[in-house]
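Down below is the structure, laid out as structure tokens.
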Amino acid sequence: MRIVIINPNSTSSMTGAMLGAARASAPDLQIDGWTSRDGPPAIQGRDDGAAATPPLLELAKRAEDTGADGIVIGCFDDTALEQVASSVSCPVVGIGQAAFFYCALRRWRFSVITTLPVSVPILEENIARYGLTPITGNVRAANVPVLDLEKHPQRSAARILAEAEAALDSDPIDAIVLGCAGMVHVTDFLRARLPCAIVDPLEAAAGCINWLATGKAARGRGARRA
């Protein structure tokens, strides 16, 4: 089964980090990573999401045309998720969507630690649209620009940790969801320091798409036997 992770921004190093996390989580899948060269360098707010949408839709169609069995949108905002899912016939998963529903399936109440305040209302709206507000503590911003996650990793990790600790102190939660694809670099750092579950959205998306792809294969085998 071949899965394509599409990074809607133009930062190829972020694509590589996402690809590494997804492959480690689903080693039995063929997973490719594509970077949207015509997208913004980072997606921080609605304007960036709107700018990223047209090239993202083109890449999704190309992925389907080249035989992808599933597509992962590699932005925690779930940029253009519904538009992409409506434009192709293969399963499409957003990494934010996957992380939220992973928590729901584990019956975990969660808070989200994202990058900048501009992303908070987008994520809150997504959570509400998915019907998961009742199990959400808060969506919190660590005041870390997306590109600083790579440029200043130690400083960024310290800020994310501080916000996660604040969430544990004041939000009645079972899990922290990392609210940016670029936070793959801090997953192990937080897991070594916090007593709660740390949900990496790439791991959640890889597991989800693996399940969807396996189900598709099983249905195909059943059809052939019939």
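A few comments on the model shown:
- So residue 40, is it within 19 Å of residue 206 (Cβ to Cβ), surrounded by 16 or more Cβ atoms within 10 Å (Cβ to Cβ) and not basic (Lys, Arg): no
Residues checked against (1) touching a residue at least 40 places away in the same chain (Cβ under 8 Å); (2) surrounded by 23 or more Cβ atoms within 10 Å (Cβ to Cβ):
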{"residue": "8", "(1), (2)": "yes, yes"}
{"residue": "19", "(1), (2)": "no, no"}
{"residue": "29", "(1), (2)": "yes, no"}
{"residue": "45", "(1), (2)": "yes, no"}
{"residue": "51", "(1), (2)": "no, no"}
{"residue": "55", "(1), (2)": "yes, no"}
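- Residues that are under 17 Å from residue 181 (Cα atoms) and over 15 Å from the mean Cα position of the chain (by Cα), drawn from region 1-23: 10, 11, 12, 13
- Scanning region 117-171 for residues that are aromatic (Phe, Trp, Tyr) and in contact (Cβ under 8 Å) with a residue 40 or more places away in the chain yields a count of 0.
- Residue count for region 183-196, restricted to those that are surrounded by fewer than 20 Cβ atoms within 10 Å (Cβ to Cβ) and touching a residue at least 24 places away in the same chain (Cβ under 8 Å): 7
- Of the strands (runs of 3 or more DSSP E) entirely within region 107-206, none holds at least 3 residues that are under 20 Å from residue 75 (Cβ atoms), out of contact with any strand residue (DSSP E or B) (no Cβ under 6 Å at 6 or more places or on another chain) and at pLDDT below 95.
- A single member of 77, 65, 69 is charged (D, E, K, R) and within 14 Å of the chain's Cα centre (by Cα), and it is 77.
- Some residue of region 85-97 being more than 15 Å from residue 178 (Cβ to Cβ), crowded, with 17+ Cβ neighbours inside 10 Å and without any contact (Cβ under 8 Å) to a residue 12 or more places away in the chain: yes
- Options 180, 208: the member that is under 18 Å from residue 108 (Cβ atoms), in contact (Cβ under 8 Å) with a residue 12 or more places away in the chain and under 14 Å from the mean Cα position of the chain (by Cα): 208
- Being without any contact (Cβ under 8 Å) to a residue 40 or more places away in the chain, under 24 Å from residue 45 (Cβ atoms), outside the structural domain of residue 7 (by TED's automatic domain parsing) and within 14 Å of the chain's Cα centre (by Cα) is not true of residue 113.
The values are calculated or read from the model by the stated rules, or taken from the named source; none is laboratory data. Quantities reported herein were computed from a predicted structural model and do not represent experimental measurements. Ideal geometry is used to build each Cβ from the backbone, glycine not excepted, and the neighbour counts take in all protein chains shown.
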